[in-house]
Amino acid sequence: MESSISSTLVLSPPFQPNNNGVNLVFDASLQQQPHLPTQFLWPHEDTAYAAADFLQDPPIDLTGFFLGDPRATASAAAQIRTACSTHGFFQVVNHGVDPSTIRAAHHHMDAFFSLPLARKLAVKREPGALRGYSGAHADRFSSKLPWKETFSFTYNHAHSAATLDVVDYIKSGLGPHFEHSGCVLQQYCEAMHALSMAIFELIAISLGVERSEYCELFEDGCSVMRGNNYPPCKEAGLTLGTGPHSDPNALTLLHQDEVGGLEIFSDSKWRAIRPCHDAVVVNIGDTFMALCNGRYKSCLHRAVVNKERVRRSLVFFVNPNEDKVVRPPGELLLPGYEGAEAPTRLYPDFKWSDLRDFTQNHYRADTSTLQHFVSWLSNKTQP
Ligand SMILES: C=C1C[C@]23C[C@H]1CC[C@H]2[C@]1(C)CCC[C@@](C)(C(=O)O)[C@H]1[C@@H]3C(=O)O
Ligand SMILES: O=C(O)CCC(=O)C(=O)O
Ligand SMILES: [Fe+2]
């Protein structure tokens, strides 16, 4: 495969704080080149196996839960338990988020990605920060680059809802003409936060713990909103929009457009998540897998691209308050194994700020982030 960009491809360790000076610009000129730049090539095992089918689980209808109907609530919790005990993904409908809010958020995120590159670079991601614009993460990695642009910003509900942080960030970075976009995205974040709290209540019910078990940890959580823009790719089969990974955060709420491309690895096969415009896709992340002591699974997933159409997704990564300890409730500890003094815990105490720092400064999140994080944390805390 010819590289159409003269650059020395440095085979990097899993993570490097910069791209070794390879200044690749992910813009239309690169996307129109006849050959895929070598930096975007992914290993055969990550790209070779197309999704075998669609995940068959029907969307979970939240109507009855919101009406306080005990039977409907129990049914929704049971469907969540089944999904989260196996592959960690489910879709919800009648979720209470106004469709016009979702439509408007996509529209304004598209408007951002349509800006000239110089305008997008005005809010480029700063090293170590989980906010800002990124073109293929070319500033962070020099191989296995994802075929996407991303735009991320933080949303701390207890603080942002009152002080309109999202509006301020967007307006200060992109100018007063984007104030309305900021208001739309702020409204979308508030709606996603409200939905996440409803999901946490249903998850608590499904786990048999107090319904409000997770409210305290997440009510003033520090979440991240991200728009993913995946341009069409002439050699789509050789690259990936987002590589195989499990999400390091606690819960992910995702709305994808009608194009499709989100796939999860379940029962030893890649399975596509069927696009459903009135559904929100929900998945458990590593932090929640630790919070529930491994009862629910943080699952491997990826985003594939195609040759014809741009694909977009809006992703809301829900995290606990960064200074609160991630620790499972007593009811979820496993009975001590034979002769053990205390019930068994699968993961140590940690804070989201530690895991965020790990993924932004020390390790590229992939299929085994949590176990590498636990080792890193124990080395970090050893005297
Ligand atoms: C904590 C995070 C790191 C990533 C964004 C959030 C949750 C998902 C992570 C990510 C998407 C997993 C795949 C690799 C990654 C580098 C990406 O493709 O964007 C990850 C995100 C990141 O580090 O920016
Ligand atoms: O865009 C998608 O469908 C998935 C993206 C994803 O998994 C992520 O950003 O963590
Ligand atoms: Fe993800």
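The values are calculated or read from the model by the stated rules, or taken from the named source; none is laboratory data. Everything numeric in this text was worked out from a predicted model, so none of it was measured. Cβ coordinates were reconstructed from backbone atoms using ideal geometry, including for glycine residues, and neighbour counts include every protein chain displayed. These accessible areas exclude ligands, DNA and RNA; they are computed on the full protein's heavy atoms, side chains included. Shrake-Rupley method; radii C 1.70, N 1.55, O 1.52, S 1.80 Å.
Against the definition (buried (at least 21 other Cβ atoms within 10 Å of the Cβ), more than 13 Å from ligand 3 (Cβ to nearest atom) and either more than 17 Å from the chain's Cα centre (by Cα) or under 19 Å from Trp42 (Cβ atoms) (or both)), how does Cys276 come out, yes or no?
On the way: buried (at least 21 other Cβ atoms within 10 Å of the Cβ): no; more than 13 Å from ligand 3 (Cβ to nearest atom): yes; either more than 17 Å from the chain's Cα centre (by Cα) or under 19 Å from Trp42 (Cβ atoms) (or both): yes.
No.
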Being open to solvent by 10 Å² or more (accessible area, probe 1.4 Å), more than 13 Å from ligand 2 (Cβ to nearest atom) and farther than 17 Å from Thr82 by Cα is the filter here; which residues of segment 283-307 pass it? Lys307
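Looking only at segment 121-148, count how many residues are among the basic types (Lys, Arg), in contact with a Gly (Cβ under 9 Å, 6 or more places away or on another chain) and farther than 22 Å from Gly261 by Cβ. Outline the logic, then answer.
As a first pass, look at segment 121-148 and keep what is among the basic types (Lys, Arg): 124-125, 131, 140, 144, 148.
Narrowing the set further to residues that are in contact with a Gly (Cβ under 9 Å, 6 or more places away or on another chain) leaves 124-125, 144, 148.
Restricting the remaining residues to those that are farther than 22 Å from Gly261 by Cβ gives 124-125.
Final tally of qualifying residues: 2.
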Counting only residues in segment 312-332 that are open to solvent by less than 10 Å² (accessible area, probe 1.4 Å) and closer than 15 Å to Asn229 by Cα, the one farthest from ligand 1 (Cβ to nearest atom) is identified as Leu314
Conditions: (1) touching a Gly at 6+ places or on another chain (Cβ under 7 Å); (2) among the aliphatic types (A, V, I, L, M); (3) open to solvent by 20 Å² or more (accessible area, probe 1.4 Å). Val259 meets all but one. Number of the miss? (1)
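So which residues in segment 199-220 are closer than 16 Å to His95 by Cβ and open to solvent by less than 10 Å² (accessible area, probe 1.4 Å), if there are any at all?
As a first pass, look at segment 199-220 and keep what is closer than 16 Å to His95 by Cβ: 199-203.
Within segment 199-220, Ile199, Phe200, Leu202, Ile203 meet the criteria.
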What is the residue count in segment 60-110 for residues that are over 16 Å from Leu195 (Cβ atoms) and part of a loop (DSSP other than H, G, I, E, B)? 4
Would a scan of segment 191-210 turn up a residue that is under 17 Å from Glu149 (Cα atoms) and more than 11 Å from ligand 2 (Cβ to nearest atom)? no
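Applying the selection to segment 38-55, what residues are part of a loop (DSSP other than H, G, I, E, B) and either without any contact (Cβ under 8 Å) to a residue 60 or more places away in the chain or touching a His at 6+ places or on another chain (Cβ under 9 Å) (or both)?
Going through segment 38-55, the residues part of a loop (DSSP other than H, G, I, E, B) turn out to be 41-43, 48-52, 55.
Within segment 38-55, Ala48, Leu55 qualify.
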